[in-house]
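Coordinate-derived values only; no laboratory data. What you see is a predicted model; the values in this text were computed from it and never measured. Don't worry about glycine lacking a Cβ; one is built from the backbone with ideal geometry, like all the others, and counts go over all protein chains shown.
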Amino acid sequence: MDSLWQYQFRIILLGDSTVGKSSLLKRFTDGVYSDVADPTVGVDFYARSLDIEPAVKIKLQLWDTAGQERFRSITTSYYRNSVGGLLVFDLTNRKSFEHVREWHREVTEHILPHHMVYILVGHKSDLIRERKVLRDEAEQLAAELGVRYVETSAKCNSNVERAFELLARDIYELMKMGEISARDGWDGVKSGLTAKVLYPAEEEAEREKSCNC
Ligand SMILES: Nc1nc2c(ncn2[C@@H]2O[C@H](COP(=O)(O)OP(=O)(O)O)[C@@H](O)[C@H]2O)c(=O)[nH]1
Ligand SMILES: [Mg+2]
């Protein structure tokens, strides 16, 4: 079946600078990783589609903070117009883990009365010996915030796909339940039904048309 995207979710990457947000995005959208990252050269947003169910395609529009991670330097519309957020910390940087609560609070307060769907991401899992945050602690924080937790490495391509997919699925499930929906003046979710839907009678006619025997 031809289907272009049917829904678009706008998702933001949150967390201290150097935790690996841009690297996660590059790995997920371009399949590449580079040890040398220039924090000043940032693309504003990336995009990639996921097939969430047969014939249901979700286009993820992924926004990077491009080196402006200080609190309150990010504009409110950036948060407001997003439906999902990855709360990213560096497993080898204790401070970045401690700041997750602040990121969560900052964003959650800004978007009231609306809500965002989050996932907590412990990044750079390949640096096993330098690890400063235990999985248990991170899982506990995730439970407190009521979000999922996943450990990723852009360098080794571990769980990167999974992190984005879990978040997209959670959003999609809430959408199916009617808790999230596209609305005017909000860019978090867009619905663009471009799939060619064939009803049984039309399908039969199509089949007959293409049948030469
Ligand atoms: N070992 C390791 N280093 C990483 C990983 N992801 C990013 N980095 C490094 O961490 C630094 C900061 O990454 P960057 O993506 O620019 O972080 P951002 O400031 O949060 O966007 C860079 O030197 C990256 O190469 C990873 O999965 N493993
Ligand atoms: Mg960056």
| field | Among the listed pairs Lys155/Lys190; Lys57/Lys190; Lys21/Lys190, those beyond 22 Å (Cα-Cα) | value | Lys155/Lys190; Lys21/Lys190
| field | Förster radius 41 Å - calculated FRET efficiency between Glu53 and Lys132, Cβ distance, rounded to 0.05 | value | 0.60
| field | Spacing of the two label points (7 Å from each Cα toward its C-beta) at Glu98 and Ser181, in nm | value | 4.5 nm
| said: Let's test the formula: R0 of 30 Å, r as the Cβ-Cβ distance of Thr108 and Asp44. What FRET efficiency results, to the nearest 0.05? | reply: 0.85
| Taking θ as phi - 60°, what are the ³J(HN,Hα) couplings along the stretch 152-166 by the Karplus curve (6.51, -1.76, 1.60), each to the nearest whole Hz, with x for Gly and Pro? | 10, 9, 6, 4, 9, 6, 10, 6, 5, 4, 4, 4, 5, 5, 4
